[in-house]
1. For region 1-36, which residues satisfy the criterion of being within 17 Å of Gly64 (Cβ to Cβ), among the β-branched types (Val, Ile, Thr) and surrounded by 15 or more Cβ atoms within 10 Å (Cβ to Cβ)?
2. So which of Lys120, Lys44 ends up being exposed (fewer than 15 other Cβ atoms within 10 Å of the Cβ), farther than 21 Å from Ile134 by Cα, free of Cβ contacts under 8 Å to residues at least 12 places away in the same chain and within 16 Å of the chain's Cα centre (by Cα)?
3. Output the residues belonging to region 89-115 that are of a type outside the set (A, V, I, L, M, F, W, C), under 17 Å from Leu2 (Cα atoms) and loosely packed, with under 15 Cβ neighbours inside 10 Å.
4. Quickly run through region 1-29 and pick out the residues that are without any contact (Cβ under 8 Å) to a residue 24 or more places away in the chain and more than 25 Å from Asp121 (Cβ to Cβ).
Amino acid sequence: MLSNAAQYAIRSILYLALYSSATQRIRTKKISQDLEVPQPFLAKLLQRLGGADLVSSSKGPNGGFYLNKTNRNKTVWDIIVTVDGTEKFNQCFLGLHTCSDNNPCPVHFNVSPFKQIIKKDFKGKTIAQFSEEIKKRGTVLSLKDFDALHK
């Protein structure tokens, strides 16, 4: 449902929510290595996210990316809108052009509630709330993390 760019953006921002601060900035190279994301692509993506006020950055020897209070109060939905737009959430699951409640595809009424729940969650929780859930549940942002936890 989400593009690779949106997936990388969400993972990167959640990574920054967990490991960065105004005094602890993280360089693109470190993020890309830890999340196993191509560095050149990630660098462009983080610049784009910075332009949308979803991440903060500073230049110089101690520079890098981090999340400030404003960034942490953004939502996953804000990231999706910035990277992918909302069209994918409005498309038919089977790819039909005229699917709706009035003209449903065979799986419309199974998929539509699921999409609404996802949208509600993505719009209703801040990045800070998602990062707290990650800490509590012990979920991972990359398979690299998963492999390290399960050895």
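All of the numbers you see were taken from the coordinates with simple rules; none came from a lab. Nothing here was measured: the structure is a model prediction, and the numbers come from that model. Positions of Cβ are generated from backbone atoms using ideal geometry, with glycine treated the same way; all protein chains shown enter the neighbour counts.
1. Ile13, Ile26, Thr28, Ile31
2. Residue meeting the stated conditions: Lys44.
3. Of everything in region 89-115, those that are of a type outside the set (A, V, I, L, M, F, W, C), under 17 Å from Leu2 (Cα atoms) and loosely packed, with under 15 Cβ neighbours inside 10 Å turn out to be Asn90, Gln91, Gly95.
4. Residues satisfying the conditions are Thr23, Lys29.
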